[in-house]
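Just below is one structure, and these are the notes that go with it.
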Ligand code: GLC
Ligand code: CA
């Protein structure tokens, strides 16, 4: 069947603030991205996902939007954006926007109006509730960012009511029950499509719907993190009854008629409920970006875990749905530090192995900036150097409970979102070539050794390996059309799978461990002739021919010879 463009795409996620600064103010910007479009083209990506670049007070680095129809002045102007869009399109690169529609900034004009009086026309754009009789918060829900007293409700003196915020205090939730608000959102989405964007990533869309009456959660507080009896319970507002009606209306009003690509951020979406959103006949979304393989909470991935996730999603795919593949993004730690090995010896090798797994399993791969040069986690000495709201909120909760600053930092650093947000490491000049000024977030001190210039000059370049993978996606039919069959299904360390379509059979062999592991080559494979197409260790011979052990983090891709 003819594929849609986004099924054949390689998506590259740009965190603009940290990508490339063109004017020395320490903040990445659109002109910076424009200057790097040729590099993205060389890498072989054909779709950019911009995390939010709209006007924003930057409480959550742009996920707090103050004007949905404008570009933040720190990033440039709408004219810069149009230029970028034209240039990208001219190079065959599509652009999708991150739409943050669960909440806005409290500096959005809608909210400024909303808080003015109970009968303001914008009052119902947001979620307001009176205090309980004793003046306290309407219920016991905690906010994800655990600021203030920990509650997801903030009291507003002017009207004597509380407004609801699942995230930061300065990020009030929008009220999707209110039709005029929905209309404004649809108009705004059409406006971006008219401007030429190719689709949307929908931020935390599974949380648009809130339960009637806002009942207390019965969940017990997490003594480490929850404060003052306010409990973070994702189940209260995630994937609850009524969410599908909202997404279906979005489809009817915008996505369907405009045929734009949509990928929803699938907080709490699993292979079991995914089809409710992405089965084509439901008319909701094209793809859901789920966290079953990689997430902020996952410290490692075993071969068995990898197989299970992929098998489950192959099952979803059988019902006319299309998976996504990724191992890191702007909300996670660096994939090579978590799931590979970031030591000098194995960093490049394991970065390539992870890349190959993502690019050779079924679905659309999403690359996060820096992954293609093997950027690694950072550890700052002081909480002052951190920016991420989760890290800061959790740090203060832990210290309030008696943890020492060092204990709290040691515990939180490996998972901080800032690991992914340090400036892109272009070369070994000051500030990694990211800026001539003072970077908004400290550059990872490892930049002297880990940077794009070094990588591209080296014999074992990760970037060059990604180029081979993106080329395979364009040229090898089994990458997109092939089915998925695992071999050695009980193996503790090895991941072995076939991708087969009418025209081609590929075989992927990966040692997902830091040990040398004997490779019991399955008999069925020995009957055929296999040509080795790709390896992350140029110094080895085909393991299928020789039956030799697989080295730590070794990866090979074979093609069945005809
Ligand atoms: C999503 C974004 C994250 C943001 C949150 C609130 O999870 O990816 O960066 O903080 O939504 O908008
Ligand atoms: Ca700048």
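Listed values, structure above:
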| quantity | calculated |
| --- | --- |
| Segment 165-176 residues that are surrounded by fewer than 23 Cβ atoms within 10 Å (Cβ to Cβ), paired with ones that are at pLDDT below 95 (beta carbon under 7 Å, 6 or more apart) | 169/147; 169/148 |
| Those strands (runs of 3 or more DSSP E) lying entirely in segment 31-102 with at least 1 residues touching a helix residue (DSSP H, G or I) at 6+ places or on another chain (Cβ under 8 Å), under 17 Å from residue 185 (Cα atoms) and in the same structural domain as residue 424 (by TED's automatic domain parsing) | 67-71, 94-99 |
| Verdict on residue 76 being over 25 Å from residue 182 (Cβ atoms), in contact (Cβ under 8 Å) with a residue 12 or more places away in the chain and within 16 Å of ligand 2 (Cβ to nearest atom) | yes |
| Residue identified as part of a loop (DSSP other than H, G, I, E, B) and closer than 25 Å to residue 59 by Cβ among 154, 184, 137 | 137 |
| Residue match in segment 268-276 (condition: within 16 Å of ligand 1 (Cβ to nearest atom) and either part of a helix (DSSP H, G or I) or in contact with a helix residue (DSSP H, G or I) (Cβ under 7 Å, 6 or more places away or on another chain) (or both)) | yes |
| Single condition residue 225 does not satisfy, out of (1) more than 28 Å from residue 309 (Cα to Cα); (2) assigned to a helix (DSSP H, G or I); (3) in contact with a strand residue (DSSP E or B) (Cβ under 9 Å, 6 or more places away or on another chain) | (2) |
| Failed item, numbered, when residue 111 is tested on (1) touching a helix residue (DSSP H, G or I) at 6+ places or on another chain (Cβ under 9 Å); (2) assigned to a helix (DSSP H, G or I); (3) more than 16 Å from ligand 1 (Cβ to nearest atom) | (3) |
| Residue tally, condition under 19 Å from residue 472 (Cα atoms), within 18 Å of the chain's Cα centre (by Cα) and either assigned to a helix (DSSP H, G or I) or within 16 Å of ligand 2 (Cβ to nearest atom) (or both), over segment 319-355 | 3 |
| Count of segment 8-27 residues which are under 18 Å from residue 72 (Cβ atoms) and within 16 Å of ligand 1 (Cβ to nearest atom) | 7 |
| Given (1) more than 21 Å from the chain's Cα centre (by Cα); (2) touching a residue at least 12 places away in the same chain (Cβ under 8 Å); (3) more than 16 Å from ligand 2 (Cβ to nearest atom), index of the condition residue 60 fails | (1) |
| So residue 87, is it within 15 Å of ligand 1 (Cβ to nearest atom) and over 24 Å from residue 441 (Cβ atoms) | no |
| Segment 144-162, residues that are surrounded by fewer than 24 Cβ atoms within 10 Å (Cβ to Cβ) and closer than 18 Å to residue 397 by Cα | 144, 147, 148, 149, 150 |
| Single unsatisfied condition, residue 499 versus (1) buried (at least 18 other Cβ atoms within 10 Å of the Cβ); (2) more than 30 Å from the chain's Cα centre (by Cα) | (2) |
| Which numbered condition residue 553 misses (of (1) on the phi > 0 side of the Ramachandran plot; (2) exposed (fewer than 15 other Cβ atoms within 10 Å of the Cβ)) | (2) |
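The values are calculated or read from the model by the stated rules, or taken from the named source; none is laboratory data. This is a predicted model, so every value here is computed, not measured. Counting neighbours? That spans all protein chains shown, and the Cβs are built from the backbone with ideal geometry, glycine included.
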